[in-house]
Amino acid sequence: MLLLGGIGFGNGRRPEHAESSAVGRMEGIAIRQQRNLPREYSCGRQEEVFRGKPADSLVGENQWVDSVYNALKLEGRIAQSFMLQAYSREGGEPNAEVLRLVEKHGVGGIIFFQGTVANEAAQTVAYQQAAKVPLLMAIDGEWGLGMRLADGASYPRAMALAATGEPQLAYRMGQQVARQMRRLGLHINFAPVVDVNTNPQNPVIGVRAFSDSPEVVAQFGLAYAQGMQQGGVLACAKHFPGHGSVSVDSHHALPFINRPVDSLNRIDLLPFKHLISHGIGMIMVGHLAIDWKGEAPGLSCSLNPGVLGTLLRNQLGYGGLICSDALNMGAVSNGKKPAEVALEAYQAGCDVLLCPQDVPTAIAKIAKAVRAGAIPMQRVEATCRRILRAKYRLIGPKCDLPNVEDVAQDLARPEYGNLAREISQHSLTLLNDSLVPILRPDRERIALVSYLEEERDGFAPTLLRYAQYTAVSGELAEGENADEQAAKRLGIHTLAIVAVQTTNALPEKNFGLSQEQMAFINACAKARPTILVLFGSPYALQYFTPPEKFAGVLVAYGAESYTRSFAAQALFGGCEVGGRLPVSVGGALPRGSGRDIIRQIRLGWRVADRSSIPENHYIEQADSLVRMAVDSGVMPGGQVLAVSRGQVFYSRSFGRYGYGESWPAVTDTTRYDIASLTKIAATVPMVMQAVEKKKWASRGSLGSTLPSTIRPRWARLRLSTSCSTRRAYEPQRLSTSKHSSRLSQAWA
């Protein structure tokens, strides 16, 4: 059965395993106390599935499922298991072949891959209108819609979430992803990944996994799934029975997990058990082989009746939807006809066949097997009814189509980006803090060695807000010695900052780092105090000198521009740092490693983060006021900087150093002398206070207020103020009679 809010799936009986008491301890990582989590921190416990649900709604559900099932012929019931792949990258028009399969064969669902949100919404409308039975619409959005849709919201990877130690962030992310998916007419997200990444050389999982600890994976996987399912989207835990220890990419070949059953139960299966006991709606079975009681050696779990029926259904007590991994992957498709693969997956116990090929032939083959008695009719009925019940609860008896207009704007809400930035900052992990934060950057000669791609508004520009640096090349020509070149290039510099981005997810490719680059980075650590900043997989730390040889090691788990900016701020104490390694990296860096920057010592920068802007900030008025002043010639240029709670939330530069095009433009790095600042920082607040205390008449002149001290030529200076609800805090006009008209126009 299925529950929406939270969504739960089950057969009404408890699993035969005992839930591990270790879940919640989070071995190796301190999980911070969570607030605002629902009291029942679950996806919907089985005994509570229908609590408070009106009896007439259950009757309506059963009637709809019965009527649709009875109206379908055998082929139509089988077709409900087929979920086709579709792309929206080429436009909003539906794919002709997919549309034909929906109309003629009545397939049950569609999974979207690369495209845009507007095109996906348009295609969803077209496919749903063509379907006789509403379609289940899905996406593979592990880190949000942006994983597949170019303009969709993206969040940090799973490993970054676990590094925060805050499952609440995963829960909130799940809520937001669900809201975005429902806006697009999507019902299933093939996430979370609950593989326990015990193999650092894993070629396909890596930072997609939360951790190498089954307890951590269970906690964060549950939080993410709960957020989605309480938001009306079916979550799918993958890749059963666990893809974290493999050394072969299942996209190309079949991995074999050679570990004893007790180890499988204790590590790989623990997160699945935890999510099953809390009502996960769907489980994806991976294309990998295990030694299951000596049966069918080398047979993929997705095609193995023993794994799906005996282990998952019977021993673990799972009654929800079982989905195959994509059937076009090399692990199961090599050497087999597509229809044969689909037949084997269906026979094994998969309810949903993902990305099948040669669909008409596959449907016919399965129907033939049913009529021949090779597949019981009861199995077809159970699978079809599971899918129809999910459709009723996710979609309803009548499908509401997404509104295509303004969909891109609706999915670009500021809070989505704000949460992504919050996760990113909280995930920053400091592994060596001997020089971090940098306390006196003015006393350092800093060299920056950057291996980052597309530096626009990320790491290097943020560094400039705190200190000057010299860019130094980190590339070595053929025959150059790393130690010699590092000493030579760093020269007079007293501190080196090395920024590294892992551009490749494959450990076998050294995560995209060349041998020469690794040698030069290690040489820098020998030549000068060096701070290493790693963007991407923390497993890349294995290639560098032991962390204690660096003056600082900071790990960020992505390379987004905001992540780069936070990393630069952290080096100078512009933001707090409290992340922990969610995986072990060799013997020197066990899981849970990390040090804190518990106090911000310099201004932080949150210019793109609207959540940091206080209410009643009036910054738009200040912006237009300064623009008008520059355009009117009141001043040649200037800067506006607004700070709240230690965070710069607005920073903009206007005009030039002087009047005329020959003067340089004012930039964020332009420095004004102290005398220029004191005119505003000292005089203006005193005048405001004097007006408020009625010691200065709002229409009076400076000479009448300070007759003994004012010079005659300034005696006529007048201050006109607005004394409305904001009283004297909005100076409107400061003028002498000579320039009255020009200044009135600028400041009124």
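At a glance:
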item: Per principal axis, descending, Cα span of the range 613-672 in whole Å; result: 38, 23, 12
item: For the range 560-574, 3J(HN,Hα) per residue [Karplus equation, 6.51 cos²θ - 1.76 cosθ + 1.60, θ = phi - 60°, Hz, x = Gly/Pro]; result: 5, 4, 6, 5, 4, 5, 4, 4, 5, 4, 4, 4, 10, x, x
item: Nonlocal amide H pairs with Gly558, under 5 Å, H built at 1.01 Å; result: Gly536
item: Residues Leu464, Leu353, Leu288, sorted so that the one with the fewest Cβ neighbours within 10 Å comes first; result: Leu464, Leu288, Leu353
item: Percent of Cα-Cα distances greater than 23 Å, calculated over the range 428-601; result: 34
item: Partners for Lys526 among aspartates and glutamates (Cα-Cα distance below 14 Å; same-chain residues under 8 apart left out); result: Asp483, Glu484, Glu548
item: Long-range amide H partners of Gly637 with built H, under 5 Å; result: Arg656
item: Using θ = phi - 60° and Karplus 6.51 cos²θ - 1.76 cosθ + 1.60, couplings along the range 436-452 (whole Hz; Gly, Pro as x); result: 10, x, 6, 7, 10, x, 5, 9, 10, 9, 9, 10, 10, 10, 10, 10, 7
item: Residue order, fewest to most beta carbons within 10 Å, for Glu120, Glu340, Glu692; result: Glu692, Glu340, Glu120
item: 3J(HN,Hα) from dihedral phi, the range 397-412, Karplus parametrisation 6.51/-1.76/1.60, rounded to Hz, x for glycine, proline; result: x, 10, 7, 8, 7, x, 7, 6, 5, 6, 5, 5, 5, 5, 8, 10
item: Centre separation in Å (Cα based) which lies between the range 402-434 and the range 512-586; result: 22
item: Proxy reagent accessibility, fewest Cβ within 10 Å first, across Tyr87, Tyr346, Tyr318, Tyr657; result: Tyr657, Tyr87, Tyr318, Tyr346
item: Proximal charge balance of Gly106 [Cβ under 14 Å; K/R count +1, D/E count -1]; result: +4
item: 5 angstrom amide H check on Val553, placed H, neighbours 5+ away; result: Leu431, Asn432, Leu532
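No lab work stands behind these numbers, since they all come straight from the coordinates. These numbers were taken from a predicted model, which means no experiment stands behind them. Using ideal geometry, Cβ is built from the backbone for each residue, glycine included, and neighbour counts are taken over all protein chains shown.
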